[in-house]
Amino acid sequence: MWCEATRDWCLGVPVDSRGEPAEDGELLLLTPVQAATWGNYYALGDSYSSGDGARDYHPGTAVQGGCWRSANAYPELVADSYDFAGRLSFLACSGQRGHAMLDAVDEVGSQLAWDAPHTSLVTIGIGGNDLGFSTVLKTCMVRVPLLDSGACTAQEEDIRKRMEKFETTFEELIGEVRRRAPDARVLVVGYPRLFPEEPTGAYYTLTASSQRWLNETIREFNEQLAEAVAAHDTGIASSDRVGSVEFVDVYHALDGHEIGTEDPWVNGVLLRDLATGVAVDRSTFHPDADGHRAVGALVVEQIETGPGRPLYATFDVVAGATVETLAVEAG
């Protein structure tokens with residue numbers, strides 16, 4: 001009665017775009033925050049989403065070959081920022097590749113082994129490993145002779161081929177996510193710039209020109225993701241479908257706090273001792289807790305701003321998001 005009297009939105013008694021109580025089969029016009037929080041939240045992706053490098057790892061994940069999920073990772077910060085009707089399923093995993101997610105669809109332990117129509121929000125950050133970015137950085141830094149700055153840019157053709165291949169992978173990934181959570185807002189989180197926009201000198205063996213090239217490569221990949229996301233969302237809006245696909249631009253999240261600055265929010269080169277010698281730690285060039293707070297703030301900003309168009313969900317799906325249903329789907 002209160003919902004009808006105030007023409008407001010209430011879980012279980014939503015109203016339609018006219019402010020009237022909605023009926024089965026109708027679409028609900030929701031505010032951006034409502035559209036993101038009426039159900040469960042799934043967080044997918046690679047190490048930049050799992051929080052590898054941000055410390056305070058979840059038990060059992062900080063092991064060789066583990067997912068390295070951090071309590072400081074941006075999905076945890078997003079989940080703490082709102083009163084979700086459901087809860088967070090934190091599945092992002094260090095080392096994850098997009099094509100591997102597709103190869104392992106519905107397998108036990110896969111990031112795509114769930115079917116949760118009562119999901120209101122999905123975040124996914126993926127693609128860096130498909131581009132082989134860790135190998136690219138290693139090639140840039142470990143080269144003979146050390147002054148051969150061309151070792152970095154010589155990889156450009158291979159990277160562009162991988163970027164082109166990832167276009168198909170990304171299309172299929174978003175399709176799989178949308179099939180599992182058709183009413184959800186799907187937020188695709190890009191990658192931050194790691195080095196200053198105008199490097200003043202070398203970082204270890206990375207010349208200033210190599211740093212600029214790496215920055216530009218990240219920017220171009222973000223643009224590719226943003227274009228693909230926009231095409232997906234245009235298709236949703238033009239066909240009057242529910243949910244959304246949105247891009248979160250975090251390229252400037254670390255501005256003033258990149259690698260090599262006085263107060264970096266991203267890990268520089270980290271070394272660890274092995275029985276066979278010294279190796280570069282896997283969380284090198286990954287955002288730390290401060291970096292994830294900066295990324296998380298931009299994700300929250302996108303949640304509150306929305307895609308710049310009306311957001312709809314299906315009445316009977318939202319109305320069916322009971323405590324029991326949400327708990328079962330979240331596992």
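The values are calculated or read from the model by the stated rules, or taken from the named source; none is laboratory data. Bear in mind the structure is a predicted one, so any value in this text is a computation, not a measurement. Every residue, glycine as well, gets a Cβ built from its backbone with ideal geometry; the counts of neighbours run over all protein chains shown.
Looking at segment 103-112, can you tell me whether even one residue there is modelled with pLDDT of 95 or more and under 26 Å from Gly306 (Cβ atoms)? Yes, some residue in segment 103-112 is modelled with pLDDT of 95 or more and under 26 Å from Gly306 (Cβ atoms).
Within segment 133-155, at least one residue is out of contact with any His (no Cβ under 9 Å at 6 or more places or on another chain), within 18 Å of Ala100 (Cβ to Cβ) and not β-branched (Val, Ile, Thr).
Can you list residue pairs whose Cβ atoms sit under 6 Å apart, with the first residue in segment 56-72 being closer than 15 Å to Gly109 by Cα and the second being assigned to a strand (DSSP E or B) and among the hydrophobic types (A, V, I, L, M, F, W, C)? Count only pairs 6 or more apart in sequence or on different chains. Close Cβ pairs satisfying both conditions: Arg69/Phe90.
Kindly indicate whether any position in segment 265-278 is within 15 Å of Val189 (Cα to Cα) and under 24 Å from the mean Cα position of the chain (by Cα). No: segment 265-278 contains no residue that is within 15 Å of Val189 (Cα to Cα) and under 24 Å from the mean Cα position of the chain (by Cα).
Within segment 32-55, can you find the residues that are among the aromatic types (Phe, Trp, Tyr) and either at pLDDT below 95 or in a helix (DSSP H, G or I) (or both)?
Residues of segment 32-55 that are among the aromatic types (Phe, Trp, Tyr), as a first pass: 38, 41-42, 48.
Hit for segment 32-55 is Tyr48, nothing else.
Of all residues in segment 221-262, which are out of contact with any Phe, Trp or Tyr (no Cβ under 7 Å at 6 or more places or on another chain), among the charged types (D, E, K, R) and surrounded by 14 or more Cβ atoms within 10 Å (Cβ to Cβ)? Listed by number, the residues that qualify are Glu223, Asp233, Arg241, Glu246, Asp249, Asp255. Only residues that are aliphatic (A, V, I, L, M) and outside any loop (DSSP other than H, G, I, E, B) were counted across segment 56-79, and they come to 3.
In the set Ala5, Ala79, only one residue is aliphatic (A, V, I, L, M) and modelled with pLDDT of 95 or more; that residue is Ala79.
Quick check: anything in segment 130-144 farther than 30 Å from Arg212 by Cβ, in contact (Cβ under 8 Å) with a residue 40 or more places away in the chain and of a type in the set (Lys, Arg)? Checking segment 130-144: not a single residue is farther than 30 Å from Arg212 by Cβ, in contact (Cβ under 8 Å) with a residue 40 or more places away in the chain and of a type in the set (Lys, Arg).
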